Every structure is written in structure tokens, then in C-alpha cells.
Amino acid sequence: MIEDFAKNIPLDLQHKSGIVFYSGRAAFSGCRKLYILGLNPGGDPTKQANKTVAWHTSKVLSKKPDVLWSEYSDESWEGKCPGKHGMQPRLLHLLKNLNLEPGEVPSSNIIFERTRGERDIANNWWQLAEVCWPFHRAVIEQLRPRVILCLGAKAGDFVKKKTRARDQIDCFVETYPKRRWTSTCFANHEGLKVIRVSHPSWTNWKNPKADPSELVCRALRS
């Protein structure tokens, strides 16, 4: 099935520096409870020019079907030990609290092209997201997740609109005295839930004051 999903990757993006699959065959098969979506891959598209969408996709598809693989747990980012850099430990913390293996959870970004930051796609990010949406629509239709976990407000607002998840049903407010950032769960008429959480690049989910794990747990249980 992962090969079928790969057919939905736009041809114009194949030569761009970027990533589509943050987890492999095991995750993108059967029915899955959770789908994780960031906005777009970070890094340096110049220094990582050879790490194209086509190159990375080929790497993922060539992995054996019985291998549980995840970018978050098994890949070295910035030369650090696998699973130990940036937001990797925070995603792994949340998945552990959900009793989910990283290699069993389909994960991607709304936009596949790599940039140094959100500012680099500020003027056309919605158009870029629309180009990639057929891939995500196919994943949602085939894997039938109950919850889509969106990292950051932009990703969450885009997915909310595309899935028509308009009804707010739950939220989690951080207990930092001055910050009080809110993560929110929305639902559509079919029961699909979209959770917009504070981005783990900025928020330490391992701190109980900022941990959205219970919010995601409630959404998966209901």
C-alpha cells in the first residue's frame, strides 16, 4: 500500500530537497488510530540538496515490510544519536504515553519541500499545502485514522479546513503561569478528530506543564 500512497507525491516535488514519509511500511498499512502531520521538513535545502523527496521515498520503500522504522526514533538528526535531537524526544515521549510504537504511526508533513523555517514559505505555504493534499487525503481515506495530530497552528488550521473539523470538543491549557498556550481538539460530522498542538520544536512536551498527551489519549479513547 505504501507504493500506492507514493504515487500521490507530485512529480514537480520529486527533485526538491524534502521528505514525505516519516514512518515506513508498517505505519502506512491497515487501519491506524493516529496520523501525525507537521507543516514541512526543516533543515538546509542547499546543504541537503541531494536528499530529495525521490531519494528519501526510495529509501523508505526499499526497507523490508517487517521493519518498524521512524524518522523520530531511528534516524540521526544533525549528527546526534537517533531519537535524541530537537523534537524527536518529545514526539517519542508522547507516543510512549499513548502506548504506540513510532514505527506503527503514519507520520508526514503537510508540505513535503524542505526549508530553513516557516518564513521561507510564508507567502505561498497554502498553495504548497494544496499541492500535497491529495497524498494526505488518500492516507486518511485508506488508513481511516480516528485522530490527526497537527504540529503547530498553521498545520492544524489547514487540516481543520480540509476535513471540515469545525466543532471544538476538548482542549489542554499549559500551566506555565505567563504563557498558557492552548492545544485544541476539533471534530467533524464523521467523527474524525483534528488536534492542533503547540509545536514540539518550541514546547517541551516532556514537562508536565506542557504535555498534551492526555488530550490526545482522550481523543483516541472517545
**Q.** Subset of region 122-167 that is among the polar types (S, T, N, Q) and modelled with pLDDT of 95 or more - its residue that is nearest to Y35 (Cα to Cα)
**A.** Q142
Q. Taking helices (runs of 4 or more DSSP H) that fall entirely within region 67-180, which contain at least 2 residues that are open to solvent by less than 10 Å² (accessible area, probe 1.4 Å) and not β-branched (V, I, T)?
A. 88-97, 125-143, 153-163
(Q) Condition first: farther than 26 Å from S29 by Cβ and at pLDDT below 95. Can you find one or more residues in region 87-105 that meet it? (A) no
Q) Quick one: N207 ticks every box in (1) without any contact (Cβ under 8 Å) to a residue 24 or more places away in the chain; (2) under 25 Å from D74 (Cβ atoms); (3) open to solvent by 80 Å² or more (accessible area, probe 1.4 Å) bar one, so which box is it? A) (3)
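This table checks each residue for (1) free of Cβ contacts under 8 Å to residues at least 60 places away in the same chain; (2) touching a Pro at 6+ places or on another chain (Cβ under 9 Å); (3) within 18 Å of A138 (Cβ to Cβ).
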{"position": "Q14", "(1), (2), (3)": "yes, no, yes"}
{"position": "L34", "(1), (2), (3)": "no, yes, yes"}
{"position": "K64", "(1), (2), (3)": "yes, no, no"}
{"position": "V67", "(1), (2), (3)": "yes, no, no"}
{"position": "K80", "(1), (2), (3)": "yes, no, no"}
{"position": "L98", "(1), (2), (3)": "no, no, no"}
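The values are calculated or read from the model by the stated rules, or taken from the named source; none is laboratory data. Since the model is a prediction, treat every value here as computed from it, not as a measurement. All Cβ positions, glycine included, derive from the backbone under ideal geometry; neighbour counts span all protein chains shown. The area values use the complete protein model at the heavy-atom level, side chains included, leaving out ligands, DNA and RNA. Shrake-Rupley method; radii C 1.70, N 1.55, O 1.52, S 1.80 Å.
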